[in-house]
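Structure first, commentary second.
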Amino acid sequence: MKTGRMFRGFFVKTISFVGYTVQYGCIAHCAFEYIGEFVSCSGPSMEPTITNHDVVFSERVSRHLCRIQKGDIVIAKSPFDPKMNICKRVIGLEGDKVCTSGPSDVFKTHTYVPRGHVWLEGDNLRNSTDSRSYGPVPYALIRGRVCLKLWPPHNFGVLAESPNDGRIL
Amino acid sequence: MFRGCLVKTISFVGYTVQYGCIAHCAFEYIGEFVSCSGPSMEPTITNHDVVFSERVSRNLCRIQKGDIVIAKSPFDPKMNICKRVMGLEGDKVCTSGPSDIFKTHTYVPRGHVWLEGDNLRNSTDSRSYGPIPYALIRGRVCLKMWPPHSFGVLAESPNDGRIL
């Protein structure tokens, strides 16, 4: 009799624990979805602005209000792997003319960014796989706009402008 | 009295945010109801039909050839499109029409899918805008809810010859 009551009490505690976890998990998920998230970046494609193992804060508000602008650094889902994210700078919005040839090419080639797409390039042009190889990326793949660098502490703050300003036409 | 009213308002807002978040996560991880418009999926789905689109397959990457999916439009991030998956990454798809003499084919790139509407004559799909990234898919349509006489699981593709 006493064991039965103990078991029932334990069961009720487990259910309410699960209930609270689901509740606060949902609230946390919505905070990451609508406000912003912390992202740990890896790879050399955004050097010197963002280096390997930097932690940045990516806000979601601009993306939901469609206020991403040229020159913004964005986190987007990779067009080639739906489970991976990429971190690049927006060089052109829909309708913009972008330069598809390298800075050292003799003949410059251009293309126009189609409707609903953006042109992304890494700051480290020599070591970045971006729209120059896979073409413009649909705007809907963008997750958020990187607005603050949080780690390492000596680099804390707002991120620098594009070092390749000549490429933003 | 004013303090009581303020406390009531704050707790009302608190409960709304709480249950709003739970509802949002239910739509995000379980499924959502979608009202379809347009002729591109006739006769399987007609204008003003309401379908249920589940999110589990998409999150577990279990979308298969022949599935009807809801995806974000590659040309308008605020709009959704409803088409059938005709090819997954690496598949060979037919890019020419059924009545063309010379058949042309292409391969679907990694991380992309090839979508076509069931109503081939009246559908803007991958035949015009190319394969779309898998990450644009929102969910898999599994049940038609409205109109009641069509309630149930959706039909197979009427264009079976196009799935290679």
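Structure values in brief
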| item | result |
| --- | --- |
| FRET efficiency for B:Arg3 and B:Ile101, using Cβ-Cβ distance with R0 set to 56 Å, rounded to 0.05 | 0.10 |
| Overall form of the protein assembly as shown per C-alpha gyration tensor (a/c, 1.5; a/b vs b/c) | oblate |
| Reduction of at least 10 Å² in accessible surface, 1.4 Å probe, comparing all protein chains with the chain by itself, residues of segment A:57-75 | A:Arg63, A:Cys66 |
| Drop in accessible area of at least 20 Å² in the complex versus isolated chain, residues of segment A:115-138, 1.4 Å probe | A:Arg115, A:Gly116, A:His117, A:Pro138 |
| Percent carbon-and-sulfur accessible area, chain B, ignoring ligands, DNA and RNA, probe 1.4 Å | 61 |
| Cα shape, segment A:23-63, gyration tensor, a/c 1.5 rule | prolate |
| For residues of A:76-84, the mean tally of beta carbons on other chains within 10 Å | 6 |
| Segment A:74-124: trypsin sites (Lys or Arg not before Pro) in DSSP loop, at most 15 other beta carbons within 10 Å | A:Lys83, A:Lys108, A:Arg115 |
| Prolate/oblate/rounded label for chain B (Cα gyration tensor, a/c 1.5) | prolate |
| Under 25 Å from A:Lys70, Cα to Cα: lysines that are on another chain or at least 8 residues apart | A:Lys88, A:Lys97, A:Lys108, A:Lys149, B:Lys72, B:Lys78 |
| Threshold 40 Å² - residues in segment A:8-37 whose accessible area is reduced by that much or more when the chain is no longer isolated, probe 1.4 Å | A:Gln23, A:Cys26, A:Ile27, A:His29, A:Cys30 |
| Per the protein assembly as shown, cysteines lacking a partner by the 4.7 Å Cβ criterion | A:Cys41, A:Cys66, A:Cys87, A:Cys99, A:Cys147, B:Cys5, B:Cys36, B:Cys61, B:Cys82, B:Cys94, B:Cys142 |
| Per residue solvent-accessible surface (Å²) - segment A:13-62, probe of 1.4 Å | 56 |
| Debye, to nearest 20: dipole size of the protein assembly as shown, +1 on Lys, Arg Cβ, -1 on Asp, Glu Cβ | 960 |
| Rounded Å value of the spacing that divides the Cα centres of segment A:122-169 and segment B:1-31 | 37 |
| Interface size A-B, as summed buried accessible area [1.4 Å probe, Å², nearest 100] | 2000 |
| Per residue accessible area of segment A:102-159, 1.4 Å probe, in Å² | 55 |
| Test item: Cα-centred dipole of segment A:59-169, Lys/Arg +1 and Asp/Glu -1 on Cβ, debye | 280 |
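The values are calculated or read from the model by the stated rules, or taken from the named source; none is laboratory data. All of these numbers come straight from a predicted model, not from anything done at the bench. Neighbour counts are summed over all protein chains in view; Cβ atoms, including those assigned to glycine, are modelled from backbone coordinates with ideal geometry. Quick note on the areas: whole protein, heavy atoms, side chains included, nothing else; ligands and nucleic acids left out. Shrake-Rupley method; radii C 1.70, N 1.55, O 1.52, S 1.80 Å.
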